Amino acid sequence: MTNWRAVIIGFLVATVVGVLGVVVPGIGQLAAGLFGGFVAGYIAGGGLLRGFWHGLLAGALGGIIAGLAVAFIVGVVGWAGGPIGGALSGLAGIGIFAVVLLVSFVMALESAIAGAVGGVLNGNPDPSHSRSRNRY
């Protein structure tokens, strides 16, 4: 079962490190994915595969949010440019989509690997999300 708390915390860590990493282009974003995935995997715990899964989700969420932000900006710029701007924005959107897809894949993959390491270091799953817990 997915621990969404771990995924969201990992995503937030990746976002904060990514914002701070703007000072060091490239390396800052690479470190952001690694830190966020590690945190997601460590919080989720439970071993290699569980950490991998949670790190993957945290990294993919970051890529999806970044892609939506870029799409929104390109759409607003195209809308402001009228019909010709809209057409050019649509053509640019195809190329931007390809780049965002590649970046999202890399972010998700590196986060998944770091999440697997975090999951191994914390072999115990988060007890607050256990199915066998008595809720009454």
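Numbers for the structure displayed
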| quantity | calculated |
| --- | --- |
| Matching option when the condition is aliphatic (A, V, I, L, M) and at pLDDT below 85, among I65, I9, I43 | I65 |
| Residue in region 66-81 that is nearest to L12 (Cα to Cα), counting only those that are outside any loop (DSSP other than H, G, I, E, B) and of a type in the set (G, A, S) | A66 |
| Hey, I84 at pLDDT below 90, outside any loop (DSSP other than H, G, I, E, B), among the β-branched types (V, I, T) and under 19 Å from S104 (Cα atoms) or not | no |
| Subset of region 90-119 [touching a Leu at 6+ places or on another chain (Cβ under 7 Å) and either surrounded by fewer than 16 Cβ atoms within 10 Å (Cβ to Cβ) or not aliphatic (A, V, I, L, M) (or both)] | E110, S111, G115, G119 |
| Pairs with Cβ under 9 Å, 6+ apart, first in region 44-65 and under 9 Å from G10 (Cα atoms), second part of a helix (DSSP H, G or I) and of a type in the set (D, E) | G55/E110; G59/E110 |
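The values are calculated or read from the model by the stated rules, or taken from the named source; none is laboratory data. Everything quoted here is computed from the prediction, not taken from an experiment. As a convention, Cβ positions derive from the backbone with ideal geometry for all residues, glycine included, and neighbour counts pool all protein chains shown.
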